[in-house]
Every structure is written in C-alpha cells, then in structure tokens.
1. Being among the small types (Gly, Ala, Ser) and on the phi > 0 side of the Ramachandran plot is true for just one of Gly152, Gly225, Gly208. Which residue is that?
2. Determine the pairs where a residue that is in contact (Cβ under 8 Å) with a residue 60 or more places away in the chain, located within the stretch 150-161, has a partner that is surrounded by 24 or more Cβ atoms within 10 Å (Cβ to Cβ) and in a helix (DSSP H, G or I) with Cβ atoms under 6 Å apart, the partner being 6 or more residues away or on another chain.
3. Which residues, counting only those in the stretch 202-215, are under 16 Å from Ala64 (Cβ atoms) and surrounded by fewer than 24 Cβ atoms within 10 Å (Cβ to Cβ)?
4. What single numbered condition from (1) in a loop (DSSP other than H, G, I, E, B); (2) buried (at least 20 other Cβ atoms within 10 Å of the Cβ); (3) small (Gly, Ala, Ser) fails to hold for Gly234?
5. Looking for something in contact (Cβ under 8 Å) with a residue 24 or more places away in the chain and more than 26 Å from Lys89 (Cβ to Cβ) - is there at least one such residue anywhere in the stretch 223-242?
6. Please determine, by comparing only the residues of the stretch 253-266 that are closer than 19 Å to Thr151 by Cβ and surrounded by fewer than 18 Cβ atoms within 10 Å (Cβ to Cβ), which one is farthest from the chain's Cα centre (by Cα).
7. For Ile196, all conditions in the list (1) over 26 Å from Val250 (Cβ atoms); (2) surrounded by 24 or more Cβ atoms within 10 Å (Cβ to Cβ) hold save one; what is the number of the exception?
8. Pick from the stretch 158-180 the residues that are of a type outside the set (Val, Ile, Thr) and under 8 Å from the mean Cα position of the chain (by Cα): which of them is surrounded by the fewest Cβ atoms within 10 Å (Cβ to Cβ)?
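The values are calculated or read from the model by the stated rules, or taken from the named source; none is laboratory data. Since the model is a prediction, treat every value here as computed from it, not as a measurement. Here the Cβ is made from the backbone with ideal geometry for all residues, glycine too, and neighbour counts use every protein chain on show.
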Amino acid sequence: MKLSGSLKVGNASIYLDYNATTPLRAEVKAELLDALGEPNNPSSIHSLGRIARRRLEKSRRQIATLINSPPENIIFTSGGTEANNLALKGGQCTDIIVSSVEHEAVLAAAVNAKKISVDKNGIVILSELENVISDINGDCFVSIMWANNETGVIQPIKEIVEIASKYGARVHSDAVQALGKIPINFRESGLSMMSISAHKIGGPTGIGALVIADDVELKPTLVGGGQEKGRRSGTENILGAIGFGKAAEVVAQNPAENKRVQNLRDLFETKLSRCFPKVNILSQNVPRLGNTSAIVMPGVLAETQVMSFDLEGICLSAGAACSSGKVKRSHVVEAMKIGDEPATNTIRVSLGWDSTELEIDFLVNSWLKIYNRANKKI
C-alpha cells in the first residue's frame with residue numbers, strides 16, 4: 001500500500017518518525033548532487049580550495065540566518081552528539097547541571113552532573129534549578145534541552161537563562177530537536193552555547209554544529225589541523241555543510257510549514273481520542289513541538305507496538321532512536337513520575353512536511369486494530 005504524499009522506506013508506506021531523522025529534502029539533494037565529485041578541501045589555498053571555502057562559508061551564513069547568530073560563531077561538527085560533547089567538555093567547568101530528561105548524548109558526556117527534576121509534564125522545576133545553582137560555590141554550567149525528542153515538550157529557556165544569569169552561570173541548550181520546528185533566536189536567547197543538527201530538518205546525517213556566544217572560549221576536544229578557528233580540528237565535511245545550509249535555507253523560506261504540520265498533529269490526536277477516549281497523550285496541555293505526540297497504549301509494550309505498526313507499514317518509534325536499535329524503558333517518561341506503564345508503553349509519533357491526512361487516518365485505524373488485537377477484543 002502506497003499512500004499519496006508519503007515517503008517510501010523499504011517495505012513501509014508511511015514514515016512518521018521525523019524526530020529520529022528526516023528524509024533528505026529534494027532541494028538539498030539537488031544541491032548535493034551539484035557539488036558531488038568536486039575536491040572539497042577548504043584549507044587548500046588553490047582555486048578549488050577557495051571554491052570549497054566559499055561553499056563552506058555560504059552554508060554557515062544560511063544556518064546563521066535561520067537561528068539569528070553571527071556566522072563566525074557556528075562551529076561545524078559531525079552531528080548533535082559531538083556538538084553536545086564539545087559544549088560540555090570544552091567549556092572547562094567542573095560543576096555541571098543538567099535536567100533528568102536530557103538526550104543520552106548530554107547525560108553520557110556529563111556523568112557526574114547534578115540532575116534537575118521535572119514535573120509530571122516533563123518541564124524542568126525552576127525552583128529546584130535555582131536552589132542547586134545557588135548552592136554551588138563557584139562557576140557552574142547548565143545544559144538543558146530546548147525541546148524534548150521523545151515528548152516534544154518545550155523547556156522555558158528564557159526563564160532558565162534568567163535564573164542562571166543571576167548567579168553568573170552559563171547555559172547550553174541542546175536544540176537539535178527544536179531546530180526548524182519553532183522559532184530560534186540565538187542572539188536574543190542569552191545562551192552561551194547551542195547544539196544543532198542537519199538531519200532533523202531535511203539535511204544529511206553526519207553534520208551538526210555548536211553555536212557559541214562571542215565571549216565563549218572553548219577547549220577543543222579534537223585537535224590536529226586547527227580547522228574551525230582551532231575549535232574543532234579535522235577537514236570540514238563540505239558536502240554535509242552544503243546540505244545543512246540548504247536545508248536551513250528551505251526551512252527559513254517556508255514558515256507556514258510548521259503550522260500545517262501542527263494542524264495535522266492536532267487532527268490526529270483528536271481523531272484518536274474520539275475513537276479511544278481513554279487514550280493517554282503525554283504533556284498534551286503544555287507547550288510542545290507541533291509535530292510530536294507521545295502516546296501510551298494501555299496493556300501493550302512499546303516494543304510490541306513498534307513491531308506491530310511496522311507490519312502495518314508504518315514507521316514510528318518508542319522514544320529515542322539512538323540506542324543501537326534497542327527498545328528500552330524511557331528515562332524521559334520515568335523522570336516524569338507518572339507510573340510504570342507510560343515508561344514501557346509509550347510510542348512517539350512525529351510528523352513532517354511530507355505527512356498527509358490520509359496517512360493520519362490509516363495510523364488511527366491501525367492503532368485501534370493493534371490495541372484490540374493485543375487485548376483480545378477481536
């Protein structure tokens with residue numbers, strides 16, 4: 001079965017896992033094909049090297065336009081994970097504070113960090129954050145994601161920065177999931193650093209960036225040739241950067257895209273709730289990314305759901321997709337302290353620019369079929 005407007009992935013017809021990765025946008029593919037096969041080393045001083053340098057800096061400017069940042073403050077990395085590691089390990093601060101719902105890339109890079117609790121909706125408890133910062137004798141570094149990859153919950157970054165600033169603390173935000181889905185203004189955010197990635201907005205995998213404020217000094221975690229102004233050595237991934245820049249340009253030129261996707265997500269949740277009034281949609285009444293739904297299916301493990309939906313021709317996931325293909329209890333949902341079942345039975349539906357209402361209808365019908373089958377009601 002192939003539905004109009006959907007992305008064909010292997011034997012699946014419907015792709016609803018945009019928070020894991022996105023399809024490559026057509027505009028990005030065309031840009032990459034144009035540059036493919038060229039000798040792209042921007043450190044070379046000959047004419048082809050200079051062309052590569054111009055391509056690299058153009059990409060930097062395209063990304064800067066999307067997030068309102070000085071282009072020279074964008075450091076290209078191999079992805080969001082490296083950007084997070086560079087921020088946490090290159091910031092040279094021993095006292096690090098994170099939230100309990102951060103991506104594994106942050107939690108693993110800051111194993112000794114103090115963790116701030118979240119409420120039942122997954123929002124950082126600001127009073128606890130202030131108490132922890134005020135108790136630290138000396139400089140500290142706060143890293144809290146802009147939007148959660150599993151639930152879509154948007155954190156109060158403005159208030160977090162205001163609290164941290166009272167005590168002279170710097171703030172980094174993992175904005176990998178937020179990029180392209182909500183407006184981001186780095187200059188006005190008050191953040192010291194921010195991580196972003198291309199493959200969440202229709203760009204290629206293997207390319208990301210750490211954005212830094214003017215006054216930030218980083219100790220590089222990768223040393224060698226001194227690329228990226230000595231902040232990240234290694235020949236730049238020119239093709240990746242070109243794709244990242246083009247994807248950022250496309251997103252910036254299509255502001256109405258997110259509203260259409262949010263309307264589609266809301267329609268999906270409405271239809272599902274009508275068919276199954278007891279459905280539990282996590283964090284439904286707090287600010288969320290407009291494309292994301294985290295849904296608890298009573299009595300059915302997330303792993304079983306993912307496999308069942310796959311057999312129906314639907315690609316979605318159980319929370320984060322960065323665990324070597326393994327489905328495990330969600331540390332994000334566990335941190336929300338809303339019971340055992342949500343931590344094991346929650347799936348994530350994340351829509352994108354290619355999603356359609358026809359696909360939503362098929363998803364709702366499949367959801368009910370899987371639930372009824374699992375609970376032996378048919």
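1. Values: Gly225 fails: on the phi > 0 side of the Ramachandran plot; Gly208 fails: on the phi > 0 side of the Ramachandran plot.
Answer to the check: Gly152.
2. Here the result reads Glu150/Val332, each pair linking the stretch 150-161 to a residue that is surrounded by 24 or more Cβ atoms within 10 Å (Cβ to Cβ) and in a helix (DSSP H, G or I).
3. Ala213, Asp214 - these are the residues of the stretch 202-215 that are under 16 Å from Ala64 (Cβ atoms) and surrounded by fewer than 24 Cβ atoms within 10 Å (Cβ to Cβ).
4. Here Gly234 clears every test but (2).
5. yes
6. Going residue by residue through the stretch 253-266, those that are closer than 19 Å to Thr151 by Cβ are 258, 261-262, 264-266.
Adding the requirement that they be surrounded by fewer than 18 Cβ atoms within 10 Å (Cβ to Cβ) leaves 262, 266.
Numbers: Gln262: 17, Asp266: 20 Å.
For the stretch 253-266, the residue satisfying everything is Asp266.
7. Single failed check for Ile196: (1).
8. Of everything passing the filter in the stretch 158-180, Ala178 is surrounded by the fewest Cβ atoms within 10 Å (Cβ to Cβ).
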